[in-house]
Amino acid sequence: MHTWPVQDAKARFSEFLDACIANGPQVVTRRGTEAAVLVPIEEWRRLQASARPSLKQLLLADTARTDTLVPERGKAKRRQVLALR
């Protein structure tokens, strides 16, 4: 991966983008510290797809994910029911 200072990346953006497409991810630094990465769109889409499971994977999973479906009750109390007369 090639590293670009932010000033160079801004001043030579077309070259920066071409390098990303031709050579893969390019790192941008600010004051010597890595700040961002420019990646080709194909790689970005691949990373996005692998970051979250598909609906099919969720449905076929061995473990249920019900822990996030039911919110905690908290400190709420039940209402009193009045008896019918």
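Ligands, DNA and RNA left out, the accessible area of the chain computed with a 1.4 Å probe is 55% carbon and sulfur.
Any idea of the accessible area per residue across the chain, 1.4 Å probe, to the nearest Å²? Mind showing how you got there, number by number?
Values: 8260 Å² over 85 residues.
Solvent-accessible surface per residue comes out at 97 Å².
Relative to the longest principal axis of the Cα atoms of the chain, the long axis of helix 13-23 makes an angle of roughly 80 degrees. Our summary gives the chain a relative contact order of 20 percent, counting only alpha carbon pairs under 8 angstrom and 6 or more residues apart. Only helices enter the 222 nm calculation for the chain: every DSSP H run of n ≥ 4 contributes -39,500 (n - 2.57), and dividing by all residues gives -11000 deg cm²/dmol, rounded to 500. When peptides 10-17, 77-84, 53-60 are ranked by their average number of other Cβ atoms within 10 Å per residue, the highest-first order is 10-17, 53-60, 77-84. Under a 5 Å amide H cut-off, with hydrogens placed 1.01 Å from N, Val37 pairs with Val28 among residues at least 5 apart or on other chains.
Among (1) 1.05; (2) 1.42; (3) 0.94, which one is Rg/Rh (Cα atoms, Kirkwood Rh) computed from these coordinates? The value computed from this structure is option (2). On a 0 to 90° scale, report how tilted helix 41-51 is relative to the longest principal axis of the chain, with both axes built from alpha carbons and the result rounded to the nearest 10. For helix 41-51, the angle is close to 30 degrees. 3J(HN,Hα) along segment 31-39, derived from phi through the Karplus expression 6.51 cos²θ - 1.76 cosθ + 1.60 where θ = phi - 60°, amounts to 6, x, 10, 4, 10, 7, 9, 9, 10 Hz, with x in place of Gly and Pro.
The values are calculated or read from the model by the stated rules, or taken from the named source; none is laboratory data. Values in this document were obtained by computation on a predicted structure and should not be read as measured data. Cβ: placed from backbone, ideal geometry, glycine included. Neighbour counts: every protein chain shown. Ligands, DNA and RNA are stripped out before the accessible areas are found, and what is left, the full protein with its side chains, is counted by its heavy atoms. Shrake-Rupley method; radii C 1.70, N 1.55, O 1.52, S 1.80 Å.
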